[in-house]
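A.B. asks: Take a look at the following structure, please.
Read the figures in this text as sums done on the coordinates, not as results from a lab. Worth saying up front: this structure is predicted, and the values here are computed from it rather than measured. Every residue, glycine as well, gets a Cβ built from its backbone with ideal geometry; the counts of neighbours run over all protein chains shown.
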């Protein structure tokens, strides 16, 4: 991962200071919370910054979701660098967003906005070959890749703030601003999203994804609960699809997983299953889902529930038939 640079964009003229955000930047993670967040929460994040072993789970665990000091809007990103034959380095970003918080992710193919879309408690997605990140809110437009500094550029002052090396943000208090831009490498300029996902032209509806379970193909036009004896939540039981699968050894839980589509993404949630949920990604790597964390999974993946039960996420362009229940 190349030496990161950051820019905390200050408040616009006349902007309410309460609308600003506080940013905590560590070597391998970044957290963003509203300026109105209880100072004790910000201090807890600053303490985690001092521990090089801090994980994304610990960062999220420091942000209360309930009680008097609940934080309704926040974002957290964990950065992991791995060797890449194409570029020499491949930075993977695990991005969690809640409420109005959004993160624009830049890569060689362009940019993509990750927002929660109302999913609770938060929405998680992994992005590959990340070159830059911009922390913002859902109702603010994304910046263009051309607004980010070119490779090798030195820190400079512009109308929106100052670019600085990341190391300076790892000391002292949290940063404050209405947006945080973090540059890891060279942002792309084409019209596709980072991580291989597609950028939909303005006004074009998202394609309806499909999944194959035990030979049957289902459209993801409604929430689909999968398990030995699946049950939907009271709020969705009148509209949800229940997909019953065999599990002689009972490795699959009664209501094991939830598969749904939000915009152009497929989101999978392990519903506190007994044996967990493993995902085989299109590149051959594997991902074990965190219980009750909604996670964006790319088409072409295989979801392994146990007892030989496999949920295949089909590409929207793949021919086939679909039927609902």
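A.B. asks: Among 139, 104, rank each residue by its count of other Cβ atoms within 10 Å, from fewest to most, as a rough exposure measure. Mind showing how you got there, number by number?
C.D. replies: Working: 139 8, 104 22.
Fewest to most other Cβ atoms nearby, the residues stand as 139, 104.
A.B. asks: What whole-number value in cubic angstrom gives the convex hull volume per residue for the C-alpha atoms of region 210-314? Mind showing how you got there, number by number?
C.D. replies: Working: hull volume 9.9 nm³, N = 105.
Cα-based convex hull of region 210-314, divided per residue, equals 94 Å³.
A.B. asks: If you don't mind, there's one more thing I want to ask. Kirkwood Rh over Cα pairs of region 1-41 into Stokes-Einstein at 37 °C, 0.692 mPa s: D in µm²/s?
C.D. replies: Details: Rh = 12.1 Å.
Rounded to a whole number, D works out at 272 µm²/s.
A.B. asks: If the convex hull of the alpha-carbon atoms of region 34-121 is projected onto planes in all directions, what is the mean projected area in square nanometres?
C.D. replies: Convex hull of Cα atoms, orientation-averaged projection: 7.0 nm².
A.B. asks: Using the number of other C-beta atoms within 10 angstrom as an exposure proxy, rank 283, 265, 270 with the fewest first. Mind showing how you got there, number by number?
C.D. replies: Working: 283 10, 265 21, 270 24.
Result, fewest neighbours first: 283, 265, 270.
A.B. asks: Take the alpha-carbon centre of region 1-73, take the same for region 282-319, and report the distance between them in whole Å.
C.D. replies: 31
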